[in-house]
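In what follows, a single structure is set out as structure tokens and then discussed.
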Amino acid sequence: MYIIQSSKMVITMHKIDLSENGRIATLMVDSTAPVKFHAIWLRDNAWDSETRAPGNGQRLIALRDIPNDIHIEVAKIEDQTVTLTFQPENKTVEYDIDWLVAHSYDCAEKCASGWVSPDIETWDAGLMNAVPVADFAEIQNNPTGLRDWLRKVARYGFGKLIGGPIEDQSLMKVVDMFGYTRETNYGMFFEVRTEVNPTNLAYTGLGLQAHTDNPYRDPVPSIQVLYCLESSAAGGENMVVDGFRAAERLREENPEWFDVLSKYCARFEYAGEKGVVLRSRRPMIELSPDGELIGIRFNNRSTAAITDVPFKDMATYYDAYRRLGEIIDETAMEVTFRLNPGECFIVDNTRVLHARKAYSGAGTRWLQGCYADKDGLLSTLASLEAQNQEVAA
Ligand code: FE2
């Protein structure tokens, strides 16, 4: 064990260094670049039983409980554990080095607008040969198989299941594997097939431009499942397009176009049935405050009059909107597949657009669709990942 006082270096495999005033700790793990942490951040993220509830991990203190002049007086490092003593609380806390490294925030500023998380991978038609697919029965009662499939769905925003039951409402069993359905004015689920008096163009045999669903909702449904029960009509193939890749391409071609679609809100509306007037005001390309690409809303059918773009930028906005649509329409961007009875696909509706090619009136085509939310899916995935780590340990 090595013990240091402020601003003295520890000599071991791992090193920790304190600034003169104890307000900053610099950790060097093996030979990697040093990462700095603020004393206030470390204290706020302590995992001792007085700071976090042992059962559920929820924080028991508020920031007001931490003195404003918090600093580290003593730092010790041994094997995989960093031990810090904070003053004026005279409180000693242990940290796992791997946890600290995984939660480091000492990185170069992500200044390029439109960056994407390292947890995802954008794609184009090249994904056609590597569509994330799994067998319904193989993952339904198999946590490892489910984890592997959900991992791909999270990474690509899209996945397919085959070999499922050809029974009414089977799509609910799909959602049960990872989360909860989101009920809307369309119900817990909705039928997608030709209707004589359609209230929505999705129920006719027309082809549809690739779109995200329900951009007029706030919040938007973040998962959609479409499940095939009958498919004897010619045509009607499904296709998906990665909206994040389309946005990346737009940015590469013309940063100003990317900028106007992310800076200004579009408006979306659906009022196609009695008693329903859904409206939202959100950008077509959504960024987090630090520039991460986090959402796409694109739906020609439900785009309302756009009134939040200044007059001086409206012509540019329409150029950008047109070009984004052209990119989305490119064959090189689409992954096309046919859904047979007992098969379904799932999309991250905040990212991946879906479409259907026109199909003939002869024969039948019956799909059922429903919405769910991505937080539930990611929660199930994270939980399965954690179980796997426990088994490995
Ligand atoms: Fe749709």
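Using 0.36 nm per residue and subtracting the Cα-Cα separation, the extra length available between E183 and R52 on full extension is 43.7 nm. Computed over the chain with a Gaussian network model linking Cα atoms closer than 10 Å, the most mobile of I327, I66, I139 is I66. Restricted to Cα atoms, region 3-102 shows a radius of gyration and a Dmax of 13.1, 37 angstrom. Placing R0 at 45 angstrom, the Cβ-Cβ distance between D65 and E121 gives a FRET efficiency of 0.60 after rounding to 0.05.
Normalised by the residues of the chain, what does the relative contact order come to in percent, with Cα pairs under 8 Å and at least six apart? This gives 21 percent for the chain. The separation of region 312-351 from region 66-129, counted between C-alpha centres, amounts to 36 Å. The length gained on full extension between T26 and D218, counted as 0.36 nm times the residue separation minus their Cα-Cα distance, comes to 64.9 nm. Against the main long axis of the alpha-carbon atoms of the chain, helix 243-253 sits at an angle near 80°. A Förster radius of 22 Å, combined with the Cβ-Cβ distance separating E326 from M128, puts the computed FRET efficiency at roughly 0.60.
Model label sites at N45 and R193, defined 7 Å from Cα along the beta-carbon direction, differ in position by 5.3 nm.
The slack in the chain from Q209 to V277, taken as 0.36 nm per residue of separation less the alpha-carbon distance, amounts to 22.2 nm.
Taking 1.002 mPa s as the viscosity and 20 °C as the temperature, the Stokes-Einstein diffusion coefficient of region 125-385 based on its alpha-carbon Kirkwood radius rounds to 113 µm²/s. Heavy atoms only, probe 1.4 Å: what % of the accessible area of the chain goes to carbon and sulfur, would you let me know? Within the chain, the accessible surface is 51 percent carbon and sulfur. Please determine, in degrees from 0 to 90 and to the nearest 10, the orientation of helix 374-392 with respect to the longest principal axis defined by the Cα atoms of the chain, where the helix direction is its Cα long axis. Helix 374-392 sits roughly 50 degrees off the main axis of the chain. Rolling a 1.4 angstrom probe over the protein heavy atoms with all chains in place gives the chain an accessible area of 49 Å² per residue. For the cross-link pairs K173/K357; K152/K357; K152/K374; K160/K374, the ones whose C-alpha atoms lie over 19 Å apart are K173/K357; K152/K357. Computed from the C-beta positions of D290 and K173, the FRET efficiency with R₀ = 45 Å rounds to 0.70.
The values are calculated or read from the model by the stated rules, or taken from the named source; none is laboratory data. Only a predicted model underlies this, so the values are computations on that prediction, with no experimental measurement involved. Please note: Cβ atoms are built from the backbone with ideal geometry, for glycine as well, and neighbour counts cover all protein chains shown. Surface areas here come from the heavy atoms of the whole protein model, side chains and all, with no ligands, DNA or RNA. Shrake-Rupley method; radii C 1.70, N 1.55, O 1.52, S 1.80 Å.
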